[in-house]
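As structure tokens, the structure follows; a few thoughts come after it.
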Amino acid sequence: MSNILAREHNVSEIIISEDKLKNRIQELGKQITNDYKNKKLLVIGVLKGCFVFMADLIREINLPCEIDFMYITSYNKNTISSGVINIVKDLSIDISGYDLLIIEDILDTGLTLETLCTLLQTRKPNSMKICTLLDKPSRRKSNIYADYVGFVIEDNFVIGYGLDYAEEYRNLPYIGIYNQNT
Ligand code: 5GP
């Protein structure tokens, strides 16, 4: 990736390249394929940030599976999660009896996912696991953890590969640190 493109998109540093993303997602896909044999797998994407990661990941899962999406927003307008969620779009199927794999772009404080998982648990799935592309454990404010983690990262605000800053930059093919000083 050229430096010119990186600058144009306010990326101060590319921390995960396209190649690294591809390789790691292949590994995750293999692991999930092994773990979900003979299960009733339903992959649930948490929009919007998950969509690029999920599209690549499901093509590395060599099993029958269904997919669905939830679109949730946090009531808090700041960059810090409140844990109070607004369901913009709910799931379209009854999840009882399914083995859920929830796909997140990034696990930060974990408050959003904790609220979401508590809600989904009331709908009686057979099992529920979390797969996140990125994990910032240093920021955690809940007991939630991911069963599958693409990359553990430091406490920087990152963009690209589905992640936004003010709704832009989701189409960058890599993960970069957003340059807040421009
Ligand atoms: P949590 O409730 O775990 O704090 O919030 C997770 C959500 O916050 C993510 O799904 C994402 O939308 C947003 N978020 C947290 N950290 C970042 C980050 O570094 N970059 C971007 N673009 N979004 C983030």
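No lab work stands behind these numbers, since they all come straight from the coordinates. On a predicted model such as this, the values are computed, not experimentally measured, just so you know. Quick reminder, even Gly has a Cβ in these numbers, built from the backbone with ideal geometry, and neighbours come from all protein chains shown.
Scanning the range 126-173 for residues that are of a type outside the set (D, E, K, R), over 20 Å from residue 13 (Cβ atoms), touching a Lys or Arg at 6+ places or on another chain (Cβ under 9 Å) and part of a loop (DSSP other than H, G, I, E, B) turns up 126, 146. Taken together, 159, 106, 102 contain a single residue that is more than 8 Å from the ligand (Cβ to nearest atom), under 22 Å from residue 24 (Cα atoms) and either under 12 Å from the mean Cα position of the chain (by Cα) or in contact (Cβ under 8 Å) with a residue 60 or more places away in the chain (or both), which is 102.
Annotation: of all residues in the range 112-151 being small (Gly, Ala, Ser) and either away from the ligand (no atom under 12 Å from the Cβ) or without any contact (Cβ under 8 Å) to a residue 40 or more places away in the chain (or both), the one that is farthest from residue 40 (Cα to Cα) is 138. Restricted to the range 7-32, and to residues there that are buried (at least 17 other Cβ atoms within 10 Å of the Cβ) and assigned to a strand (DSSP E or B), the residue that is farthest from the ligand (Cβ to nearest atom) is 14. Considering (1) within 11 Å of the ligand (Cβ to nearest atom); (2) closer than 19 Å to residue 68 by Cα; (3) of a type in the set (Val, Ile, Thr), the lone condition that residue 177 does not fulfil carries the number (2). Before we move on, is residue 177 surrounded by 18 or more Cβ atoms within 10 Å (Cβ to Cβ) and touching a residue at least 40 places away in the same chain (Cβ under 8 Å)? In short, yes. Residue 39 meets all of the listed conditions (1) in contact (Cβ under 8 Å) with a residue 60 or more places away in the chain; (2) among the charged types (D, E, K, R); (3) touching a Gly at 6+ places or on another chain (Cβ under 9 Å) but one, namely (3).
The set of residues in the range 33-56 that are out of contact with any Lys or Arg (no Cβ under 9 Å at 6 or more places or on another chain), more than 17 Å from residue 113 (Cβ to Cβ) and either assigned to a strand (DSSP E or B) or aliphatic (A, V, I, L, M) (or both) comprises 41, 55.
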